1. For segment B:264-323, which fully contained helices (runs of 4 or more DSSP H) count at least 1 residues that are buried (at least 24 other Cβ atoms within 10 Å of the Cβ) and away from chain A (no Cβ under 14 Å)?
2. Could you please find all residues in segment B:15-50 being in contact with a Gly (Cβ under 6 Å, 6 or more places away or on another chain), over 20 Å from residue B:205 (Cβ atoms) and surrounded by fewer than 21 Cβ atoms within 10 Å (Cβ to Cβ)?
3. Of all residues being outside any helix (DSSP H, G or I) and touching a Phe, Trp or Tyr at 6+ places or on another chain (Cβ under 8 Å) in segment B:225-259, which is nearest to residue B:294 (Cα to Cα)? Just the residue, please.
4. Residue B:145: closer than 23 Å to residue B:95 by Cα, at pLDDT below 85 and buried (at least 22 other Cβ atoms within 10 Å of the Cβ), yes or no?
5. Can you pull out every residue in segment B:148-195 that is among the hydroxyl-bearing types (Ser, Thr, Tyr), within 26 Å of the chain's Cα centre (by Cα) and under 28 Å from residue B:279 (Cα atoms)?
6. Could you please let me know if residue B:112 is aromatic (Phe, Trp, Tyr) and under 23 Å from residue B:255 (Cα atoms)?
7. With respect to residue B:223, determine if the residue is exposed (fewer than 14 other Cβ atoms within 10 Å of the Cβ) and at negative phi.
8. Take the conditions in a helix (DSSP H, G or I) and in contact (Cβ under 8 Å) with a residue 60 or more places away in the chain and apply them to residue B:189. Does it pass?
Amino acid sequence: MQTTPLSLVTLIAEPVLEARLTSRLLALGATGFTVTECHGEGSLGRRAGDIPGAGVRIEVVAARDVADRIVEEVSRDYFQSYSVVVWLSEVAVVRGEKFVRHR
Amino acid sequence: MGELAAATLLAPAPLAFALGVVARLGRTEFRLPKDIYVGLSVYLLWSLGLQGGVELRHAGWGAITYPALATIGLAVLTPVTAYLVLRHAGRFSVADSAGIAAHYGSTSAVTFIAASTAARAAGLEPEGFMPTLLALIESPGIHIALAIGALGGKSEGQPAGAVLREVLTARTMVLLMGGLTVGYLMREAHWTPIAPFFDARAGAFKAVLTIFMLEMGLLAGERLGDLRRVGLFLTGFATVMPAVFGVTGTWFGHLAGLSPGGAAVLGTMAASASYIAAPPAVRVTLPEANPTYSLTAALAVTFPFNLLVGIPLYLRTATWLSA
């Protein structure tokens, strides 16, 4: 099976940020994303709204440079004011060409 | 006032709320599944809107002009007053004051329902078009408070104007305003068969409300632990300001020509604090505002206060004013 090495950016953030984050991801060069509802503790704690500890998990598969831009922008614009956790992992993606935007 | 309070409190909805609080204090893990909670709120809001629209068509726009003006007046007065009290008497930061004021400038639909039910039970049927006023008071207060917060200084969040569309298209507004529109346009013949399901006086609505109140109790109980962080001033604020807003609102309603029941419900709307529409709007615009303050005040203090003390007080005020 042919796979392409790419980066997986995982963001765990407050639900109110979902719309902003996902539109920024696309603007930064991601070809798509996946959002899952989650809940937990730690950084998430009790935030906006009637459902405590709720969060969204946003996963993006992208080339390393796009991933780096995403991580940089998220840390710059959100870390100070909001609950956001970000990590990078390396993944081997099937049909990897789908995840890379060609200029 | 004792019998009024007893009649108000020993009903399934407030009792379910109390059960929720006690269960949470007893460390139950139980929560209503989120989708069910949201589904029930859709039902409640849609019913309010639909019936309100039908009743508005019956009553006509003329009947609602002065009450609408009174409502808008309250929608402007409450966030500004709340902000000033918090900032200057409470010494909260600009962001915290504006964030909390945004909650108190808006309203709680569930408290509205509780007030309508209590008024009805006391023989003081409120005007049927009250949900229209609910829709009017829901959003302006949030934007006014956020604008004050934005004026107060640079914020890390989005500009206050950007959140206008999001608030106006959020669940509560779509269901309330949409329901009002549909109810208004609908022919009477269409309302009759569905009324037993949506009418606030009917069994289905009251039944759903009790389950919803159980979840409210669980939520409020969860927040009780944060009272210590919230502090004495804010706890006092969360009881005194609603009482002041509630009595003032009742008076405004009386001046606008509402019946005692309607005036008391309007007062309750002014006295209640939002915990659904306001929090995300504040979070996005004023992230420096601490959500623990506003949510604990609104859910753990003001909501039960209005249920236990406020609504009987505003009803009493309304009957006294009309005597």
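1. Answer list for segment B:264-323: B:311-322.
2. Within segment B:15-50, just B:25 meets the criteria.
3. It comes out as B:256.
4. no
5. B:169, B:172, B:181
6. Here the answer is yes, as residue B:112 does meet what is asked.
7. It is false that residue B:223 is exposed (fewer than 14 other Cβ atoms within 10 Å of the Cβ) and at negative phi.
8. Criteria not met by residue B:189.
The values are calculated or read from the model by the stated rules, or taken from the named source; none is laboratory data. Predicted model, so just to flag it, every value in this text is computed and none were measured. Glycine gets a Cβ as well: all are built from the backbone with ideal geometry, and neighbour counts include every protein chain shown.
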